[in-house]
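**Q** Structure provided below as structure tokens; questions to follow.
The values are calculated or read from the model by the stated rules, or taken from the named source; none is laboratory data. Worth saying up front: this structure is predicted, and the values here are computed from it rather than measured. Heads up, the Cβs are rebuilt from the backbone with ideal geometry, glycines too, and the neighbour counts pull from every protein chain shown. For the accessible areas, the whole protein counts, side chains as well, though only heavy atoms, and no ligand, DNA or RNA atoms are used. Shrake-Rupley method; radii C 1.70, N 1.55, O 1.52, S 1.80 Å.
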Amino acid sequence: MSIDKRILPELREAYSQFPGFQLEENLEWSRSLVSAPSLKRSEHVNTTSRKIPGVAGEILVKIYEPAGRNADKLPAMLWIHGGGYVLGHPDMDDELCERFVQTARCVVVSVDYRLAPEHPYPAAIEDCYAGLVWMTEEAESLGIDENRVAIAGASGGGGLTAALALMARDKGGPSIIFQMPLYPMLDNRNITPSSHEITEEGAIWNRTDNLTAWNMYLGEENDTSRISSYAVPMRAENLAGLPPTYTCVGQLDLFRDETIEYVTRLAQAGVDIEFNLYPGCFHLFEIFVPEAEVSQRAVQSYMDAMARALHPKHSPSPNESC
């Protein structure tokens, strides 16, 4: 059965109207499909842009925080936009970042990492790590509680989130209490059943898109076994010691099986996991059809998960009654 017949009715129209990416034929046009900034801005969130030091020069970050906040330190989240390592800009996630600020009562820092193929691996992960280091080192000036820092991202940004969690663990910091790699792009091998299922030309991230994007990101290293787990998180042999994790994926998403494998391996490594699989849903369904009931449920689920992680309930001491 073709994928369009399995899509939930409320999602079908948006899926049928998407023209499909053309990463090799017209990369700039493909970038234009996802780079438009949100027109709806919240009066309850202040947004500022800063340039911060990176490995190869300055990096743009966008900082979102509650309007009229008091002097109390807030937890913080580093957000990494999606786009398969080759598309995207922080502007496209303005509305989403504002919602995280309001739902999770936190400061959000969104990093404008360098894109492939102009800047292949390790440019993107270096920029994300630089953003995390800057955010924690500037905790005082940003009004951030450096003991409550999370990282999150979607799709390619989810892959970078998983890679960043590995890098921070291996480098001994900065400390991360939670990671949220949503429907992440984790594995360049493209050998799972779901990586072979999504092949329609107009699909929102199909097999051709994925193969092309990985080639752009990894270059000549894509076909070797020497690739670092910071480039391809599924290559990591040891997932122990990573922070508690939330993720989700649509059942009709090319990344379904690698997400499930990642979740399974995290659980086996002793990492606390919360995971949702959404039947009848394609890649980025909640972004393309935000008004659908399943989309609202999915977004609320990951918003609530972030809020719980950044505001853990007080644990009673041994002398307190339960």
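**Q** To the nearest 20 debye, what is the magnitude of the charge dipole of region 182-322 about its Cα centre, counting +1 on the Cβ of each Lys and Arg and -1 on the Cβ of each Asp and Glu?
**A** Numbers: 9 positive and 20 negative charges, 82 e Å.
Computed about the Cα centre, the dipole is about 400 debye.
**Q** Still on this structure, I have one more. Tell me, what is the percent relative contact order of region 171-298, built from C-alpha pairs under 8 Å that lie six or more residues apart?
**A** So the answer I get is 29 percent.
**Q** Return the long-range amide H neighbours of Ile144 (sequence gap of 5 or more, or a different chain), with a cut-off of under 5 Å between placed amide H atoms.
**A** Under 5 Å from the amide H of Ile144: Leu74.
**Q** Using only Cα atoms and rounding to the nearest 10 degrees, what angle (0 to 90) does helix 156-171 make with the longest principal axis of the chain?
**A** Tilt of helix 156-171: around 50 degrees.
**Q** Then there is this: Name all residues of region 70-102 having a backbone nitrogen under 11 Å from the label point set 7 Å from the Cα of Ala307 along its Cα→Cβ direction, giving them as ranges.
**A** 100-102
**Q** Under a plain spin-label model, where a point goes 7 Å from the Cα along Cα-to-Cβ, how far apart in nm are Asp72 and Asp170?
**A** With each label placed 7 Å out from Cα toward Cβ, I get 3.9 nm.
**Q** In whole Hz and in residue order, list the ³J(HN,Hα) couplings for region 25-32 that follow from phi through the Karplus curve 6.51 cos²θ - 1.76 cosθ + 1.60, θ = phi - 60°; x for Gly and Pro.
**A** Result, rounded to whole Hz: 6, 8, 5, 5, 5, 4, 5, 5.
**Q** Could you provide, to the nearest whole Å², the per residue accessible area of the chain with probe 1.4 Å? Let's see the in-between values first.
**A** Working: 14020 Å² over 322 residues.
On a per-residue basis, the chain sits at 44 Å².
**Q** Rounded to the nearest 20 debye, what is the charge dipole size of the chain about its Cα centre when +1 sits on each Lys and Arg Cβ and -1 on each Asp and Glu Cβ?
**A** Details: 26 positive and 45 negative charges, 125 e Å.
Computed about the Cα centre, the dipole is about 600 debye.
**Q** Moving to a separate point now. Could you state the principal axis extents of the C-alpha atoms in the chain, from the largest down, to the nearest angstrom?
**A** 59, 42, 42
**Q** Same structure again: If you count, for each residue, the other Cβ atoms within 10 Å and average over each peptide, how do 181-190, 153-162 line up from highest to lowest?
**A** So the order, starting with the most tightly packed, is 153-162, 181-190.
**Q** Quick check: Cα centre of region 2-70 to Cα centre of region 244-265, how many Å?
**A** Taking the Cα centre of each part, region 2-70 and region 244-265 sit 21 Å apart.
**Q** About the Cα centre, and with charges only on the beta carbon of Lys, Arg (+1) and Asp, Glu (-1), how big is the dipole of region 109-224? Nearest 20 debye, please.
**A** Values: 6 positive and 18 negative charges, 62 e Å.
Here the size comes out at about 300 debye.
**Q** Moving on. Helix 293-310 sits at what angle to the longest principal axis of the chain, using alpha carbons and giving 0 to 90 degrees rounded to 10?
**A** Result, in degrees: 40.
**Q** Then there's this: According to the square roots a ≥ b ≥ c of the eigenvalues of the Cα gyration tensor, what is the shape class of region 1-80, taking rounded for a/c under 1.5, prolate for a/b larger than b/c otherwise, and oblate for the remainder? Mind dumping the intermediate values first?
**A** Numbers: a/c = 2.87, a/b = 1.64, b/c = 1.75.
Oblate, since a/c reaches 1.5 and b/c is not below a/b.
**Q** Using θ = phi - 60° and the Karplus form 6.51 cos²θ - 1.76 cosθ + 1.60, what ³J(HN,Hα) does each residue of region 59-75 get, whole Hz, x for Gly and Pro?
**A** Per residue, the Karplus-derived 3J(HN,Hα) values read 10, 7, 10, 10, 10, 10, 8, x, 5, x, 5, 8, 7, 5, 6, 10, x Hz.
**Q** May I pose another question? So, with a 1.4 angstrom probe, what is the percent of accessible area on region 195-322 that is carbon and sulfur? Working shown, then result.
**A** Numbers: 2960 of 5970 Å².
Summing carbon and sulfur atoms, their accessible area is 49 percent of the total for region 195-322.
**Q** How far, in degrees from 0 to 90, does helix 94-104 lean away from the longest principal axis of the Cα atoms of the chain, to the nearest 10?
**A** 40 degrees
**Q** Working from the pairwise distances between different alpha carbons, so that the mean of 1/r is found and then inverted, what is region 56-158's Kirkwood radius in Å?
**A** Working: mean 1/r = 0.0725 Å⁻¹.
It works out to 13.8 Å.
**Q** Something else now. Which pairs, out of Lys5/Lys62; Lys5/Lys40; Lys51/Lys171, put more than 29 Å between their alpha-carbon atoms?
**A** Working: Lys5/Lys62 40 Å; Lys5/Lys40 33 Å; Lys51/Lys171 24 Å.
Going by Cα-Cα distance, Lys5/Lys62; Lys5/Lys40 fall outside the 29 Å limit.
**Q** Between rounded, prolate and oblate, where does region 190-322 land on the alpha carbon gyration tensor, with a ≥ b ≥ c its root eigenvalues, rounded for a/c under 1.5, else prolate if a/b exceeds b/c? Each step should come with its number before you reach the end.
**A** On the way: a/c = 2.76, a/b = 1.40, b/c = 1.97.
Oblate.
**Q** Considering only Tyr85, Tyr262, Gly157, whose Cα is most displaced toward the positive end of the charge dipole of the chain, charges sitting on Cβ of Lys, Arg (+1) and Asp, Glu (-1)?
**A** Going by the Cα projections, it comes out as Tyr262.
**Q** So what is the relative contact order of region 77-233, in percent, for Cα pairs below 8 Å that sit 6 or more residues apart? Before the final figure, lay out each step's value.
**A** Numbers: 249 pairs, mean separation 41.6, N = 157.
The value is 27 percent.
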